[in-house]
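Working notes, beginning with the structure itself.
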Amino acid sequence: MAHKYVYLFSEGDGSMRELLGGKGANLAEMSRLGMPVPSGFTVTTEACTRYYDDGKVIAADIEKEIYDNLAKIEEINGKRFADPKNPLLVSVRSGARASMPGMMDTILNLGMNDEVAAGLIAGNSDPKFARFVYDSYRRFIQMFSDVVMEISKKTFEVIIDELKAKKGVKNDIDLDVEDMKELVVRFKAYYKEQKGVDFPTDPKEQMMESVKAVFRSWDNPRANVYRRMNDIPYSWGTAVNVQPMVFGNLNDRSGTGVAFTRDPATGEKALFGEYLINAQGEDVVAGVRTPSKISHLQQDMPEVYNQFVEIANKLEAHYRDMQDMEFTIENGKLYMLQTRNGKRTAAAALKIAVDLVDEGMITEKEAVLRVEPKQLDSLLHPQFDAAALKAAEVIGTGLAASPGAACGKVVFTAEDAKEWAAKGEKVCLVRLETSPEDIEGMVAAEGILTVRGGMTSHAAVVARGMGTCCVSGCGEITMHADKKYFEIGGKQYHEGDYISLDGSTGKIYGQAVATAEATISGDFGRFMAWADAARGDFKVRTNADNPRDTAQAVKFGAEGIGLCRTEHMFFEGDRIKAIREMIVSKTADERKVALAKILPLQQGDFEAMYRVLEGRPMTVRFLDPPLHEFVPTKDDEIKELAAEMKIGVEELKNVIASLHESNPMMGHRGCRLAVTYPEIAAMQTTAVINAAITVNKEHPEYNIVPEIMIPLVGEIKELKYVKDTVVETADKIIADAGIDMHYKVGTMIEIPRAAITADEIAKEAEFFSFGTNDLTQMTFGFSRDDAGKFLDAYYETKIFESDPFAKLDQNGVGKLVQMAAKLGRQTRPDIKLGICGEHGGDPSSVEFCYNNGLNYVSCSPFRVPIARLAAAQAAIKAGK
């Protein structure tokens, strides 16, 4: 039997998401539940994969299957495709298995041509109906030209605006039938001018070109960026859904809308959404007109409203989650066009998860799986300082589309947002309305402000998904984007001027407003307690090297420090002078004199951190970076240091020149420094052990066991050489103090050779911490500081789907981690294994660490809750 590539909605159900995509599976499920869904069919994700495998062509057998299923929906609907007397018009929509709002393409009113338009009107003499037909026709030309033929839709909007200005009207809805006919003629003329051929009139050609266009949209730049941000594999492909059109733009008893069963910004249990009378779906999402609240539908069409509420409640109960629904009303009859688990803010996600448990709809473990770990980020970052906010002047108010606080310089294009952010500028992107092409600028911006669009516009939905602050639909603004300024309240704000946005209230401030630290409580604490219970013995530590960051991480639930980078302590105040003195010293004795100046400062830092940790463990990494990073480069700084050191300027310049290395990241650094200068390791050991003794005396209940980590080891003899210095120094201090204190010496696994010989290294190392930043760098042979210059080309050519420095490469680097873990445990069964690179806060990397038996991950303080949740989800998925 031939492989099946096309399924009628009646042949599928909600479990077929991988094959039918999210939209197709949910349309099939709604049909199965007896809801009013126009009967269509889905072209599967496998057809998309085959389209790319076959060199971007639709195979003849798939084409035949599409036409066979089109004939079936003709029969079901009693209308025929391309028949002027009784025409069937369809929509063609994308639908990947993961929700990607606005990232791919849709074509409405397909099947329209001059004969079909005339045939539709022939049976109905009402001029309003004729206007509806030509409105649908001009929309089809515009969408087909944009999506299928890649002609910019902006020029079509300009043509509409010119006609509105000529007629002296404000809205599209004010244009009459003759105006719509004129738009059809002008649109077709513009199409011919751009393409050199007439607009295609054969509905079958329109259909097949549209299916190809949806498949192509899987690989468009904005979809690729979104997939990379959300870990959606390229191999999944998208499905295509073909449905008979229902017309929200038929008359004043028709309309279209988007609604959520709960508020996607706050999580409040109340129907939330918007609709437009006499409009098609894209009007609501594009924000061309400002819509009415869904509750207003109760006055406009009470029967339809009541039916919709009933369906919304039924869908939420069925899916046991908040639903995002699209609907159209045609002449007083309701049709459901989509349902999916709704995108929501982090605050809403927590509230909904907790409420659903309290309502008895889901279990605590299911609730833990309902919140995306990365979403927690937006809860943990600063909000506006209350006092500063009170003093700030509100210049306007829009819709509170995505909560949070943002402050930045005004830019007007996505390109500028990306460019300015790359230079370290904080920017707010101000647009008339955003479109999916703006995705990279939206990612780069601190906040987004739009003049048009409602709470379900593109800007609002995408910003909420990213956790970015957004204020939408501020109609008070007059835009002059071409001249790079906007006007509000009689005042101009130019590119580069500061504004601040409050995404929780919709308020806009014409100045930079100070921010205050985020506070988390209530649902967050309860939810995270469920996550910690599910996580079991798997620990989450933090990377911190000062008491402030340590305190922040402990507040966020860190169970210790997995990486204290001691070199970060050397850059503060006068310490750098002592380090420089050590570097230019010619003898070990001179170096010891310089190191003696650093010792009490370093010990004081460790004491402060041990006190904040209150008995939680701390892994202290000994000095790692190459020494050239500590010496001055400017002439005036070199002269100043030479004077302090009482040496000649030229002599100092010679010392600095001698530190130069062709490839410093693979040069004289890490354990190699301690091999060359054992006195550095002796000083750092003294600081750690003395600090632990001091704080243990103050708080015997802490029972601190210092963990000393030797970096960049590739050979067991290196580790033993440095460890001997550590043990000799530590044992003498402990003996002199007359106490019994345990300590551990371990190493970072960050050189591939260390992973390969981990069984030998484990003879000396009591713990391994995988430094996945360097391990990734050395495994790929990439410099992490320079890889950004060429990685974009790797994403575009699909060599990489994600940044290997952000998301652990499980096929290569991951195999080294697995190998080292296995070999290490063969030698030392109780060896403690952790990861302390930036990957420690990436959810997919945390899951990998959990599944491979590591004991903990360590990440930056603000990513601790993300790692706690990711580890809990890994444990639940593993059935533990």
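The values are calculated or read from the model by the stated rules, or taken from the named source; none is laboratory data. Remember, predicted model here, so these are calculated numbers, not experimental data. Neighbour counts are summed over all protein chains in view; Cβ atoms, including those assigned to glycine, are modelled from backbone coordinates with ideal geometry. Side chains included, ligands, DNA and RNA excluded: accessible areas come from the protein's heavy atoms. Shrake-Rupley method; radii C 1.70, N 1.55, O 1.52, S 1.80 Å.
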Scattering profile of the stretch 231-340 from the Debye formula, Cα beads only, expressed as log10 I(q)/I(0) at q = 0.10, 0.19, 0.22 Å⁻¹, is -0.30, -0.99, -1.23
On Cα atoms only, tilt of 523-535 relative to the major axis of the chain in degrees: 70
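Tally Lys and Arg at +1 and Asp and Glu at -1 over the other residues with C-beta under 14 Å from the C-beta of Q323: what net charge comes out?
Values: positive: K23, R262, K269, K314, R320, R340, K343, R344, R370; negative: E29, D263, E310, E316, D321, D324, E326.
Residues close to Q323 contribute a combined charge of +2.
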Percent carbon-and-sulfur accessible area, the stretch 190-335, ignoring ligands, DNA and RNA, probe 1.4 Å: 47
Roughly speaking, what is the stretch gain from N852 to E715, that is 0.36 nm per residue apart minus the C-alpha to C-alpha distance, in nm to one decimal? 46.9 nm
For K167, counting only aspartates and glutamates whose alpha-carbon sits under 19 Å away and dropping same-chain residues fewer than eight positions off, the answer is D135, E157, D176, E178, D179, E182
At 4 °C and a viscosity of 1.567 mPa s, what translational diffusion coefficient does Stokes-Einstein give for the stretch 257-412, taking Rh as the Kirkwood radius over Cα pairs? Give it in µm²/s as a whole number. 74
Distance histogram in 10 Å bins (all Cα pairs of the stretch 598-743, percent per bin): 11, 32, 29, 20, 8, 0
Enumerate the calculated ³J(HN,Hα) couplings along the stretch 457-464 in order (Karplus 6.51 cos²θ - 1.76 cosθ + 1.60, θ = phi - 60°), each rounded to whole Hz, writing x wherever the residue is Gly or Pro. 5, 4, 4, 5, 5, 5, 4, 4
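Quick one: pull the percentage of alpha-carbon pairs in the stretch 48-164 with a separation above 24 Å.
Working: 2822 of 6786 pairs.
Percent of Cα pairs beyond 24 Å in the stretch 48-164: 42.
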Cβ-based charge dipole, the chain, positive-most Cα from A96, L315, L775: L315
The size of the Cβ-based charge dipole (Lys, Arg +1; Asp, Glu -1) of the stretch 674-785 about the Cα centre, to the nearest 20 debye, is 140
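For the stretch 682-762, what does the relative contact order come out to in percent, with C-alpha contacts under 8 Å and a separation of six or more?
Numbers: 81 pairs, mean separation 32.9, N = 81.
Worked out over the stretch 682-762, it gives 41 percent.
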Multiplying the sequence separation of V675 and D497 by 0.36 nm and subtracting their Cα-Cα distance, what value in nm do you get? 58.8 nm
Using alpha carbons only, how many degrees (0 to 90, rounded to 10) separate the axis of helix 678-698 from the longest principal axis of the chain? 80
Taking the Cα centre of each part, how many Å lie between the stretch 310-368 and the stretch 251-304? 16
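Using only the Cα atoms, work out Rg/Rh for the stretch 413-546, with Rh taken as the Kirkwood radius, to two decimals.
Working: Rg = 18.3 Å, Rh = 16.9 Å.
With Rh from the inverse mean 1/r over Cα pairs, Rg/Rh is 1.08.
Tell me, what is the per residue accessible area of the chain in Å², probe radius 1.4 Å?
41
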Taking placed amide H atoms and a strict 5 Å upper bound, the residues 5 or more places from D105 or on another chain that come that close are S94
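Can you tell me, using C-alpha contacts under 8 Å and at least 6 residues apart, the relative contact order of the stretch 336-462 as a whole percent? Could the numbers behind the result be given before it?
On the way: 141 pairs, mean separation 23.1, N = 127.
Averaging sequence separation for qualifying contacts and normalising by length gives 18 percent for the stretch 336-462.
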Rounded, prolate or oblate: which fits the stretch 734-857 when a ≥ b ≥ c are the square roots of the eigenvalues of the alpha-carbon gyration tensor, with rounded for a/c under 1.5 and prolate only if a/b beats b/c? prolate
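What pairs from K807/K877; K85/K212; K592/K697; K4/K72 go past 22 Å between their alpha carbons? Display every interim value, and only then the final one.
Working: K807/K877 19 Å; K85/K212 28 Å; K592/K697 28 Å; K4/K72 15 Å.
Check vs 22 Å cut-off fails for K85/K212; K592/K697.
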Given Cβ charges of +1 for Lys and Arg and -1 for Asp and Glu, the option among Q206, P547, G489 whose Cα lies farthest towards the positive end of the dipole of the chain is Q206
Given the convex hull of the Cα atoms of the stretch 384-429, what is a quarter of its surface area in nm²? 4.1
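Within the stretch 576-667, what whole-number % of the accessible surface is contributed by carbon and sulfur, with the 1.4 Å probe and all protein chains included in the calculation? Present the calculation step by step, with values, prior to reporting the outcome.
On the way: 2450 of 4610 Å².
Ligands and nucleic acids excluded, carbon and sulfur reach 53 percent.
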Given R₀ = 60 Å, what would the calculated FRET efficiency be for D731 paired with E419, taking r from the Cβ atoms and rounding to 0.05? 0.60
Would you please put 498-510, 862-874, 674-686, 584-596 in order of how densely packed they are, using the mean number of other Cβ atoms within 10 angstrom per residue and starting with the highest? 862-874, 498-510, 674-686, 584-596
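Express in nm, to one decimal, how much length is gained between R753 and E651 on full extension, taking 0.36 nm for each residue of separation and deducting their alpha carbon distance.
32.9 nm
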Cα pair distances of the chain binned at 10 Å [whole percent]: 2, 11, 18, 21, 18, 13, 9, 5, 2, 0, 0
At a 1.4 Å probe, what is the % contribution of carbon and sulfur to the accessible area of the stretch 687-827? 50
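Roughly speaking, what % of Cα-Cα pairs in the stretch 162-260 are separated by over 16 Å, rounded to a whole number? Don't skip to the end; give the middle numbers.
Numbers: 3685 of 4851 pairs.
Every Cα pair in the stretch 162-260 considered, those over 16 Å come to 76 percent.
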Would you mind working out the magnitude of the charge dipole of the stretch 196-258 relative to its Cα centre, with +1 at each Lys and Arg C-beta and -1 at each Asp and Glu C-beta, to the nearest 20 Debye? 280
Among L276, G196, G396, flag the residue with its Cα farthest along the positive direction of the charge dipole of the chain, charges on Cβ as +1 for Lys/Arg and -1 for Asp/Glu. L276
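If you take every residue apart from V57 with its C-beta less than 11 Å away from the C-beta of V57, what net charge results, scoring Lys and Arg +1 and Asp and Glu -1?
Working: positive: R50, K56, K212; negative: D53, D54, E63.
Net charge around V57: 0.
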Per-residue ellipticity at 222 nm for the chain, helices alone: DSSP H runs ≥ 4 residues times -39500 (n - 2.57), over residue total, nearest 500 deg cm²/dmol? -14000 deg cm²/dmol
Go from 0 up to the bin containing the longest alpha carbon distance in the stretch 687-752, width 10 Å each, and give me the % of pairs per bin. 20, 46, 25, 9, 0
Got a sec to turn the phi values of the stretch 215-227 into Karplus ³J(HN,Hα) couplings, 6.51 cos²θ - 1.76 cosθ + 1.60 with θ = phi - 60°, whole Hz, x for Gly and Pro? 4, 4, 5, 4, 10, 6, x, 5, 5, 5, 5, 4, 5
For helix 153-167, what angle does its Cα long axis make with the longest principal axis of the chain, in degrees from 0 to 90 and rounded to 10? 50
Label-point gap, in nm, between I76 and N341 - each point 7 angstrom along Cα→Cβ: 2.7
Round to a whole angstrom and tell me the spacing of the C-alpha centers of the stretch 122-136 and the stretch 474-490. 38
Coarse-grained scattering of the stretch 820-880 at q = 0.12 Å⁻¹, given as base-10 log I(q)/I(0) from a Debye sum over alpha-carbon atoms: -0.29
Could you give the nm distance between label points at N313 and D385, where each point is 7 Å from its Cα heading toward the beta carbon? 4.9
What Kirkwood hydrodynamic radius, in Å, does the stretch 604-653 give when the mean of 1/r is taken over all pairs of distinct Cα atoms and then inverted? 14.1
Mind checking which aspartates and glutamates have their C-alpha under 19 Å from K491, skipping anything on the same chain fewer than 8 residues away? E393, E476, D482
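Please report the relative contact order for the chain, taking Cα pairs under 8 Å with a sequence separation of at least 6, and give it as a percent rounded to a whole number. If you can, show how the numbers build up before the last one.
Details: 1786 pairs, mean separation 78.6, N = 880.
Relative contact order, the chain: 9 percent.
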Between the alpha-carbon centers of the stretch 66-97 and the stretch 628-699, tell me the distance in whole angstrom. 74
Here D for the stretch 23-78, in µm²/s, from Stokes-Einstein with a Kirkwood Rh over Cα pairs at 37 °C and 0.692 mPa s, works out to 258
